[in-house]
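First the structure, in the form of structure tokens, and then the observations on it.
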Amino acid sequence: MRLIDVARSPICLAELFKTAKSFQGNPNIDSPALNRLGLHVARVRAADAMSRWRSSMMGHLLSEPEKRQYREQGFLKIENVLPADEFHRVREEIVGFDGDLRRMVQGDTYTFQGLLDEATLGRMPATHKLLTDRRLLNAVMYGGYAYKHPMFFAQCVLNGAAKNPTSVDPQKDFHADTFHPTMKAWLFLDDVSAENGPFQYVPGSHRPTRRRLEWDHENAVAGRDLANSYARRGSFRVSPAELKARGFSDPVSFDVPANTLVMADTYGFHRRGDARPGSSRLAIYAYSRANPFNPFPGALPSLRARIEQWATRMSLE
């Protein structure tokens, strides 16, 4: 073993108990031998158990039917989130967003995101009211398995915008974001259909069933040798044919009207649906990713959000 490996070993060991997921760079996470013995599956099981333990202390945040659907299916859909007049004011503010925008190019898709932090929301009263609404925050905190306000962004997805792309849009492959429960949500500000790339999700695929753990195990053993670069970094990919062969449920396509909230546990298989080139969709996007092995749901969610917003703002500058 090289000296640098000895020096890094305590750090690499500590990463096993955090969100680290890449099969490139950590000698424990990317070890085929350890993963054959069940290291990756053990992390998946432990993270799932901790998320269920945390959510048991957060049951008051959602109604019983909503909790049951999220636990069993891995997603929650709420239509008509806002009264019509408030929705139109929010949409106008997002359309007129004047903060810093980050552009991501993935295949032929452009995604524009603008951080909705306290400074930006000071100029957006309707959006500020929405993102401090207790019912919305309760839903996304429960979905993220932690008393932690998510990060919110104004988001616009432009399909087929890049000319002569050198790769395909990786978000259009069915995939799992990571090895543990996480939350993503979209309040769609446009109608969503097959035209502009609906979010798609495989119901129940977020649960660590025998078939899901077998699939995780096989991918973890292959780990650093997987063909897909995102998969090697811990976001495993799965084809529609493999989903069917493995006995997973048929994907649900969220063709939904504007003013609909869709929230999902993105350990489950999901993707951005195919779309007509030149189409777009506008949304308020949220994500939350807590330490998967922390047994406590936490406290001071607004303070934690401000700290995370500050860190995100610094990384973007």
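The values are calculated or read from the model by the stated rules, or taken from the named source; none is laboratory data. Here the structure is a predicted model, which means the values were calculated and not measured. With ideal geometry, Cβ positions are generated from the backbone for all residues, glycine too; neighbour counts draw on all protein chains shown. Calculation scope for accessible area: heavy atoms of the full protein, side chains included, ligands and nucleic acids excluded. Shrake-Rupley method; radii C 1.70, N 1.55, O 1.52, S 1.80 Å.
Identify all residues within the stretch 176-206 that are assigned to a loop (DSSP other than H, G, I, E, B) and within 24 Å of S22 (Cβ to Cβ); write none if there are none.
Here is the first cut: in the stretch 176-206, the ones assigned to a loop (DSSP other than H, G, I, E, B) are 176-182, 189-195, 197-198, 202-206.
A176, D177, T178, F179, H180, P181, T182, V202, S205, H206, listed by residue number.
Scan the stretch 119-159 residue by residue and report those that are part of a loop (DSSP other than H, G, I, E, B), touching a residue at least 40 places away in the same chain (Cβ under 8 Å) and open to solvent by 30 Å² or more (accessible area, probe 1.4 Å).
Applying the first criterion (part of a loop (DSSP other than H, G, I, E, B)) to the stretch 119-159 yields 122-124, 132-133, 144-150, 159.
Within this subset, residues satisfying the condition of being touching a residue at least 40 places away in the same chain (Cβ under 8 Å) are 144-150, 159.
Residue satisfying the conditions is Y147 alone.
Taking the condition among the aliphatic types (A, V, I, L, M) and out of contact with any strand residue (DSSP E or B) (no Cβ under 6 Å at 6 or more places or on another chain), does A241 pass?
The answer is yes for A241.
Please report, ordered by residue number, the strands (runs of 3 or more DSSP E) entirely within the stretch 1-115 with at least 3 residues that are open to solvent by 50 Å² or more (accessible area, probe 1.4 Å) and touching a strand residue (DSSP E or B) at 6+ places or on another chain (Cβ under 6 Å).
Working: elements: 75-78, 102-106, 109-115.
Fully inside the stretch 1-115 and qualifying: 102-106.
Tell me yes or no: at least one residue of the stretch 188-197 is under 28 Å from V105 (Cα atoms), surrounded by 20 or more Cβ atoms within 10 Å (Cβ to Cβ) and touching a Leu at 6+ places or on another chain (Cβ under 9 Å).
Taking every residue of the stretch 188-197 in turn, at least one turns out to be under 28 Å from V105 (Cα atoms), surrounded by 20 or more Cβ atoms within 10 Å (Cβ to Cβ) and touching a Leu at 6+ places or on another chain (Cβ under 9 Å).
Kindly indicate which of R123, R134, R103 is among the basic types (K, R) and under 19 Å from the mean Cα position of the chain (by Cα). Spell out how you get there, then give the answer.
On the way: R123 fails: under 19 Å from the mean Cα position of the chain (by Cα); R134 fails: under 19 Å from the mean Cα position of the chain (by Cα).
Only one candidate passes the filter, namely R103.
So R212 passes all but one of these: (1) surrounded by fewer than 18 Cβ atoms within 10 Å (Cβ to Cβ); (2) outside any loop (DSSP other than H, G, I, E, B). Which condition number does it fail?
(1)
T182 - would you say it is open to solvent by less than 10 Å² (accessible area, probe 1.4 Å), at pLDDT 95 or above and β-branched (V, I, T)?
When the stated conditions are applied, T182 passes them.
What number of residues within the stretch 95-118 are farther than 27 Å from P165 by Cβ and touching a residue at least 60 places away in the same chain (Cβ under 8 Å)?
Qualifying residue count, the stretch 95-118: 3.
Within the stretch 227-236, does at least one residue satisfy the condition of being of a type in the set (S, T, N, Q), under 28 Å from L82 (Cβ atoms) and open to solvent by 10 Å² or more (accessible area, probe 1.4 Å)? Give the steps one after another, and end with the answer.
We begin by selecting, within the stretch 227-236, every residue of a type in the set (S, T, N, Q); these are 228-229, 235.
If we keep only those that are under 28 Å from L82 (Cβ atoms) as well, we get none.
Checked the stretch 227-236: no residue is of a type in the set (S, T, N, Q), under 28 Å from L82 (Cβ atoms) and open to solvent by 10 Å² or more (accessible area, probe 1.4 Å).
Restricting the search to the stretch 229-288, which residues are under 21 Å from Y145 (Cβ atoms) and not in a strand (DSSP E or B)?
Hits for the stretch 229-288 are G234, S235, F236, T266, Y267, G268, F269.
Would you check if I94 is under 27 Å from S253 (Cβ atoms), of a type outside the set (G, A, S) and under 18 Å from the mean Cα position of the chain (by Cα)?
Details: under 27 Å from S253 (Cβ atoms): yes; of a type outside the set (G, A, S): yes; under 18 Å from the mean Cα position of the chain (by Cα): no.
So I94 fails the test.
Any idea how many residues of the stretch 160-175 are outside any helix (DSSP H, G or I) and either within 27 Å of L226 (Cβ to Cβ) or open to solvent by 50 Å² or more (accessible area, probe 1.4 Å) (or both)? It would help to see each step written out before you state the result.
Looking only at the stretch 160-175, we keep the residues that are outside any helix (DSSP H, G or I), and these are 160-169, 173-175.
Next, only the ones that are either within 27 Å of L226 (Cβ to Cβ) or open to solvent by 50 Å² or more (accessible area, probe 1.4 Å) (or both) stay: 162-169, 173-175.
Matching residues across the stretch 160-175 total 11.
For G298, state whether it is on the phi > 0 side of the Ramachandran plot, touching a residue at least 60 places away in the same chain (Cβ under 8 Å), part of a loop (DSSP other than H, G, I, E, B) and open to solvent by 30 Å² or more (accessible area, probe 1.4 Å).
It is true that G298 is on the phi > 0 side of the Ramachandran plot, touching a residue at least 60 places away in the same chain (Cβ under 8 Å), part of a loop (DSSP other than H, G, I, E, B) and open to solvent by 30 Å² or more (accessible area, probe 1.4 Å).
Would you confirm, using the coordinates I've provided, whether R281 is open to solvent by less than 60 Å² (accessible area, probe 1.4 Å), touching a residue at least 24 places away in the same chain (Cβ under 8 Å) and farther than 24 Å from R71 by Cα?
Spelling it out, R281 is indeed open to solvent by less than 60 Å² (accessible area, probe 1.4 Å), touching a residue at least 24 places away in the same chain (Cβ under 8 Å) and farther than 24 Å from R71 by Cα.
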